[in-house]
């Protein structure tokens, strides 16, 4: 990459990789069966990977790449924030787009998830009334709407990226003394 590459642009490749990994995880989980995700160790591991390990890993790699290969060993705190948010935003964009297209191609997926959720709700709390169950499932169905899924996914992952970038930025920053 050129020396004048912006921090956000330098994170594009890592955002694409992160997004593709999340799409592949989802695809594998769908093939295996979505029941394997509900209240299982496998589901917990996937969530920890997608919301903790992978974002931090890709933000760290992106910031270090910018620091070592593009900016002569320097990266500011603000540049780390730009890199981290761009990585998670691009990953979320890919994942949200995939999710919307997937739900349009396989509309029965939402019904399957509703059935799994209902089963899980009854299993974890058998005292729930049918009104409470239906209320919870109605809320879940609202969040499968593409007009809600897309912006919520983008906002959520951007916030996650901002938060983790704050942490990674404190660790990897190396301010250029000439720019101060």
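Numbers below:
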item: Filtered residue count, the range 54-107, keeping only those that are out of contact with any strand residue (DSSP E or B) (no Cβ under 6 Å at 6 or more places or on another chain), assigned to a loop (DSSP other than H, G, I, E, B) and at pLDDT below 90; result: 5
item: Options 172, 110; residue that is surrounded by 10 or more Cβ atoms within 10 Å (Cβ to Cβ), in contact with a strand residue (DSSP E or B) (Cβ under 8 Å, 6 or more places away or on another chain) and within 24 Å of residue 50 (Cβ to Cβ); result: 172
item: Selected residue (only one of 165, 179, 124 is at pLDDT below 85 and within 22 Å of residue 48 (Cβ to Cβ)); result: 124
item: The lone exception for residue 144 - which of (1) touching a helix residue (DSSP H, G or I) at 6+ places or on another chain (Cβ under 6 Å); (2) assigned to a helix (DSSP H, G or I); (3) under 16 Å from residue 92 (Cα atoms) it fails; result: (2)
item: Flag for residue 104 being surrounded by fewer than 24 Cβ atoms within 10 Å (Cβ to Cβ), within 14 Å of residue 149 (Cβ to Cβ) and touching a residue at least 40 places away in the same chain (Cβ under 8 Å); result: yes
item: The range 69-87 residues that are within 15 Å of residue 158 (Cα to Cα), paired with ones that are not in a helix (DSSP H, G or I) (beta carbon under 7 Å, 6 or more apart); result: 80/173; 83/11; 86/11; 87/11
item: Residue that is nearest to residue 177 (Cα to Cα), among those in the range 40-68 that are under 20 Å from the mean Cα position of the chain (by Cα) and in contact (Cβ under 8 Å) with a residue 60 or more places away in the chain; result: 63
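The values are calculated or read from the model by the stated rules, or taken from the named source; none is laboratory data. Being a predicted model, the structure only gives us computed values, none of them experimental. All Cβ positions, glycine included, derive from the backbone under ideal geometry; neighbour counts span all protein chains shown.
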